[in-house]
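**Student:** Shown below is the structure under consideration.
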Amino acid sequence: MRKEKLLRFIPVLVICGLFSLLSVALVGQQFYGGYTPREKTIDVLPAGSFQTEGSDPGAECLVLVNSEEANSVMAEEDIRGLFEQIKVDAEFVDLSKETVFDYTGYDNIVFAMVDSSLLGQTAYEILDWVQNGGGLMVYFPPRGDYFFRSLASQMGVQESGWEMYEVPGFRFRTDLMLGGQGKDFIIEEPFESAHTLSLSDDCTVHMVSADERELPLLWQRQYGDGMIVVMNFGIMGKAYRGIYAAAYSLLNDAFAWPVINGSAFYLDDFPSPVPSGTSTYVERDYGISVGDFYTNVWWPDLLELAEKYGIYYSGMVIEDYTEEVESPFVPNQNTQRFQYFGSALLKNGGEIGLHGYNHIPLCMEGFDADFGEGYIQGTYERLFDYDYWESEEDMRASVEELIRFTEDLYPAVTPEVYVPPSNILSADAREMLVREFPQIKAIASIYFEGDVEYTQEFEVAEDGIIETPRVISGCVIDPFMEISALSELNLHYVNSHFQHPDDVLDEDRGAASGWEAMRGRLDEYMGWLYTAAPDLRNLTATEMAGAVQRYYYLDVEQQITEDEIILELSNFQDEGYLLLRINGREPKEPETAASGGTLTPLGDGLYLVKAEQNRVVIRRGANGNE
C-alpha cells in the first residue's frame with residue numbers, strides 16, 4: 001500500500017524537478033554567467049597626441065579642370081574628396097580662367113575636362129613631359145572630337161567611334177583591386193558614359209564592361225619613361241573612389257597611402273525590447289514567436305558567423321520604443337532579455353554602444369528645414385516621420401537615462417560610440433552630445449548622402465569627435481553596396497556594415513526571402529570580404545574609432561630609388577597602416593624586405609605595410625625581383 005502511494009507522487013516529483021531545472025535555466029539565461037569584456041586592441045588616444053598642423057611638402061599633382069563644364073565640376077569635387085583620403089597634395093588649375101600654367105614641377109597630372117582642346121599645344125607638350133618620366137591620368141572620357149583623337153593614339157587608342165556606350169557594369173581582367181577578380185559588378189542605373197574604342201596591344205587593360213563586348217574601361221600604357229592611365233568610365237561618386245585610387249596608384253614606380261585596416265559589424269537596436277507576437281515570415285518558416293526566433297535562431301546564427309570569421313559585433317542599445325519626447329523618462333524595468341543578449345555579446349568579445357532611449361532621432365522642430373528640400377512653393381513638407389523633441393534639455397535627459405540604463409546592466413562597460421537612430425542627427429544635438437557627454441568618442445552614422453541623414457567621411461572632426469561611417473547595411477547586399485564594399489576595401493582597407501534584428505521582419509530588407517536566404521547572403525558577403533582581405537583586422541566600434549583616428553592624422557612622404565622605397569611618416573603613434581603599390585621591381589622576399597615595419601603581399605604589386613616606426617624602408621628586388 002505504501003509503495004502505491006509513493007508511485008502516485010512520482011509525477012509530482014518529476015514536475016517539481018523540471019520546474020527547478022527551468023528556473024535554473026531562466027536564471028542562467030538572465031545572467032548568462034560571468035563575463036569580462038575583451039581588452040581593446042586599439043584605444044582612442046587623447047587629441048593632444050597628434051600634431052594638427054602638418055608640414056607642407058608642396059603639391060605633387062596638378063589637376064586640370066574647367067568650371068564651365070558640369071562633368072568637370074563633378075570631377076573636381078570627386079578628386080578633392082579622393083585626394084583628401086589618400087593624402088595627395090594637389091594644385092587645381094581652372095582652364096576657363098587660366099590658360100598659362102607651369103606643369104613641370106609635379107610628379108603627376110590629371111586631366112578632368114570634357115573639352116581637351118582648351119589645352120591647345122600644351123597638350124602635346126604635356127605628352128612630351130610624360131615621355132620623359134611623368135604620370136598622366138585621364139579621369140573621365142573627354143569629348144570624342146578631332147582634337148582628342150589626335151592625342152588618343154599616344155594613350156593607346158587604336159580606333160574610336162563617335163558614339164558613347166552605356167556601361168551595364170564592370171569586371172576586372174587583372175588583380176588590380178582586392179576582391180575584384182571573378183565577379184561582375186552591376187551598375188543599377190547605367191548611362192552612356194564610355195567611349196567606344198579599341199586599344200593597341202601594348203596597353204594593360206584592368207577593367208572592362210561586364211558584357212560580351214568587354215569595352216576597355218581602365219587601362220595603362222607605358223609612354224617612354226612615363227605612364228598614362230585612362231579611365232574610360234565616366235561614373236563618379238563616393239562609391240567609386242577606390243577604383244580611381246587604384247588607377248592613380250599605377251602612375252608612378254611606387255605609391256603609398258595611409259589606410260584604416262579594420263572591419264566592424266554593428267547591430268543597431270541590439271539589445272532592445274523584442275517585439276511581441278509573431279511575424280508573417282517567421283511564422284511561415286519556423287512557426288514560432290519573434291522573441292523565440294531571436295533567441296533560438298537569429299542570435300545563434302550570428303554567433304556562428306562571428307566564430308567562422310572572427311567577428312566582434314558592436315551592439316547599439318535602444319532602451320524602449322516609447323514615443324515619449326519629454327522628460328522625465330521612465331526606466332525600462334523589463335531587462336531580462338537585455339541582460340541575456342548583452343552579456344552574450346560581451347562574452348563573445350563584442351561591445352555595447354549607445355543608440356537611443358527610444359528610436360526618435362535627436363532633432364527639434366525645424367531641423368529638416370535646414371536641408372531646403374522640405375519647402376515646396378511656400379509649403380513646408382516634413383522630410384522624416386518622427387516626432388520632434390521638445391527641447392535640448394529633453395534630448396540630454398534621454399541620453400542620460402540611456403547611459404544609466406546601459407551602465408547599470410553592464411557595469412564593466414563604458415559606452416564610447418553613439419549611433420544616431422535612423423542615422424539622423426541635428427547639428428544642435430551633435431553639439432550637445434560633445435559638450436555634455438565627453439565619454440562619447442565617436443559617432444557612427446552613414447557614408448552616403450540621403451535626404452536628412454547625418455553623412456560622414458572617415459575623419460576626426462574639429463571638435464575631436466571621430467567620424468566612423470557605416471558603408472553598407474543589411475543581409476541583402478545589393479549591387480550598389482557590392483561596388484561600395486569593393487571600393488572601400490581598396491581605398492581605406494575597411495569594411496563597415498550594420499544590420500538590425502528586425503531586418504528579418506521587413507519585406508523591404510529581404511524578409512520575404514526568409515532568414516535562411518538572408519543569412520546565406522550575409523555569409524556570402526563575409527566570405528568574399530575575408531577571402532579578398534584575410535589580413536583585415538576585426539574590430540569593435542571603439543577600436544574602429546581608434547584605427548580611424550590614427551589613419552586620419554598619419555601622413556607619408558615617400559622617396560623612391562632604384563633600390564629602396566622610403567616612407568617617412570608624420571603623426572605616427574604606436575602603429576600605422578598603409579597600402580603600397582609597387583609597379584615593377586617588387587621585393588623577392590617581402591617578409592624580410594622592410595625595416596621599421598612589416599610588408600604583407602596582397603597581390604598584383606599591392607602590399608599592406610604595418611609601420612612600427614616613423615620611418616619604413618623597403619628594399620626592392622633587382623630586375624626579375626632578385
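**Student:** Give me D for the stretch 110-199 in µm² s⁻¹, whole number, from Stokes-Einstein with Rh from the Kirkwood sum over alpha-carbon pairs, 37 °C and 0.692 mPa s.
**Tutor:** Once the numbers are plugged in, D ends up at 219 µm²/s.
**Student:** Would you kindly derive the ³J(HN,Hα) couplings of the stretch 190-203 from the backbone phi angles with the Karplus curve 6.51 cos²θ - 1.76 cosθ + 1.60 (θ = phi - 60°), listing them in order in whole Hz, with x for Gly and Pro?
**Tutor:** Using θ = phi - 60°, the values come out as x, 8, 6, 10, 10, 6, 7, 6, 10, 10, 6, 5, 8, 8 Hz.
**Student:** Follow-up question, since we're still on this one. How large is the convex hull of the Cα atoms of the stretch 157-228 per residue, expressed in Å³ as a whole number? Intermediate results must be reported in sequence, preceding the final value.
**Tutor:** Details: hull volume 7.4 nm³, N = 72.
Hull volume over Cα atoms, normalised by residue count, gives 102 Å³.
**Student:** Taking the Cα centre of the chain as origin and charging only Cβ (+1 Lys, Arg; -1 Asp, Glu), how large is the dipole, in debye to the nearest 20?
**Tutor:** 2940 debye
**Student:** I need the peptides 506-515, 311-320 ranked by packing, meaning the mean over residues of other C-beta atoms within 10 angstrom, with the highest value on top.
**Tutor:** Values: 506-515: 15.9, 311-320: 24.6.
The packing order, highest mean first, is 311-320, 506-515.
**Student:** Rounding to the nearest 10 and keeping the result within 0 to 90°, find how far the Cα-based axis of helix 2-31 lies from the longest principal axis of the chain.
**Tutor:** With rounding to tens, the tilt is 30 degrees.
**Student:** Can you give the relative contact order of the chain as a percent, counting alpha carbon pairs under 8 Å and 6+ residues apart?
**Tutor:** Value for the chain: 15 percent.
**Student:** Per the Kirkwood formula on distinct C-alpha pairs, the Rh of the stretch 396-486 is how many angstrom?
**Tutor:** Values: mean 1/r = 0.0688 Å⁻¹.
Averaging 1/r across every pair of different Cα atoms and inverting gives 14.5 Å.
**Student:** Which one of 133, 101, 112 has its Cα pushed farthest toward the positive end of the charge dipole of the stretch 72-168, where Lys and Arg give +1 and Asp and Glu give -1 at the Cβ?
**Tutor:** With unit charges placed on the Cβ atoms, the residue in question is 133.
**Student:** Which order do peptides 170-177, 120-127 fall in by mean Cβ count within 10 Å, highest first? Write out the running numbers ahead of the final one.
**Tutor:** Numbers: 170-177: 20.9, 120-127: 14.8.
Ranking, from highest mean packing down: 170-177, 120-127.
**Student:** Another question, then. If you count only protein heavy atoms with a 1.4 Å probe, what accessible area per residue comes out for the chain, rounded to a whole Å²?
**Tutor:** Here the residues of the chain average 43 Å² of exposed surface.
**Student:** A further question follows. What Rg and what Dmax come out for the stretch 178-328 when only alpha-carbon atoms are used, in angstroms?
**Tutor:** Looking at the stretch 178-328, its Cα Rg and Dmax stand at 24.4, 73 Å.
**Student:** For the chain, what number of Lys pairs, 8 or more residues apart or on separate chains, have alpha-carbon atoms under 27 Å from each other?
**Tutor:** Taking the Cα cut-off of 27 Å, the pair count is 17.
**Student:** Rounding to the nearest 10 and keeping the result within 0 to 90°, find how far the Cα-based axis of helix 427-436 lies from the longest principal axis of the chain.
**Tutor:** Helix 427-436 sits at roughly 60 degrees to that axis.
**Student:** Amide H to amide H, which residues 5 or more places from residue 426 or on other chains are under 5 Å from it, using H placed in the peptide plane?
**Tutor:** Sorted by chain and number, the residues that satisfy this are 362.
**Student:** For the stretch 477-486, just list the computed ³J(HN,Hα) in residue order, Karplus coefficients 6.51, -1.76 and 1.60, θ = phi - 60°, integers in Hz, with x standing in for Gly and Pro.
**Tutor:** 7, 7, x, 5, 5, 4, 5, 4, 5, 4
**Student:** Roughly speaking, to the nearest percent, how much of the chain's 1.4 Å accessible area is carbon and sulfur?
**Tutor:** The computed percentage sits at 47.
**Student:** Pairing the Cα long axis of helix 299-309 with the longest principal axis of the chain, what angle in degrees results, from 0 to 90 and rounded to the nearest 10?
**Tutor:** Taking the Cα atoms of the chain, the angle to 299-309 is about 40 degrees.
**Student:** Let me ask another. List the trypsin sites (Lys or Arg not before Pro) in the stretch 50-115 that DSSP assigns to loop (not H, G, I, E or B) and whose Cβ has at most 14 other Cβ atoms within 10 Å. Which are they? Mind dumping the intermediate values first?
**Tutor:** Numbers: sites: 80, 87, 97; in loops: 87, 97.
Answer in residue order: 97.
**Student:** Hey, another quick one. Which order, highest average first, do 161-168, 437-444 follow once you tally other Cβ atoms within 10 Å for each residue and take the mean per peptide?
**Tutor:** The densest-packed peptide leads the list: 437-444, 161-168.
**Student:** While we're looking at this one, here's another question. I need to check one value: relative contact order of the stretch 178-242, counting alpha carbon pairs closer than 8 Å and at least 6 residues apart, in percent.
**Tutor:** Here the relative contact order equals 25 percent.
**Student:** So what J values fall out for the stretch 210-222 if you push phi through Karplus, 6.51 cos²θ - 1.76 cosθ + 1.60 with θ = phi - 60°, rounded to Hz, Gly and Pro as x?
**Tutor:** So the Karplus estimates, Gly and Pro as x, are 8, 8, 5, 5, 6, 5, x, 10, 8, 8, 10, 9, 5 Hz.
**Student:** Something else now. Ratio of Rg to Rh for the stretch 439-584, alpha carbon only, Kirkwood?
**Tutor:** When Rh is taken as the Kirkwood radius, the ratio is 1.03.
**Student:** Once amide H atoms are placed 1.01 Å from N in the peptide plane, what residues at a sequence separation of 5 or more from residue 138, or on another chain, have their amide H within under 5 Å of its amide H?
**Tutor:** The list, which skips near neighbours in sequence, is 111, 229, 230, 231.
**Student:** Compute the Cα gyration tensor for the stretch 565-623, then decide on rounded, prolate or oblate, letting a ≥ b ≥ c be the square roots of its eigenvalues: rounded whenever a/c is under 1.5, prolate when a/b is larger than b/c in the other cases, and oblate in all that remain.
**Tutor:** Since a/c reaches 1.5 and a/b is larger than b/c, the shape of the stretch 565-623 is classed as prolate.
**Student:** Could you give the Stokes-Einstein D for the chain in µm² per second, using the C-alpha Kirkwood radius, 4 °C, 1.567 mPa s? Please list the in-between numbers first.
**Tutor:** Details: Rh = 27.0 Å.
Value of D from the Cα-based Kirkwood radius: 48 µm²/s.
**Student:** Which cross-chain or sequence-distant (5 or more) residues have an amide H under 5 Å from the amide H of residue 279, H modelled 1.01 Å from N in plane?
**Tutor:** Residues meeting the criterion, in which the H sits 1.01 Å from N, are 290.
**Student:** Once you charge only the Cβ atoms, +1 for Lys and Arg and -1 for Asp and Glu, what is the size of the charge dipole of the stretch 181-266 about its Cα centre, to the nearest 20 debye?
**Tutor:** Once rounded to the nearest 20, the dipole reads 360 debye.
The values are calculated or read from the model by the stated rules, or taken from the named source; none is laboratory data. Bear in mind the structure is a predicted one, so any value in this text is a computation, not a measurement. Reconstructed Cβ throughout: ideal geometry from the backbone, glycine too, with neighbour counts over all protein chains shown. These area figures cover heavy atoms from the full protein model, side chains too; ligands, DNA and RNA do not enter into them. Shrake-Rupley method; radii C 1.70, N 1.55, O 1.52, S 1.80 Å.
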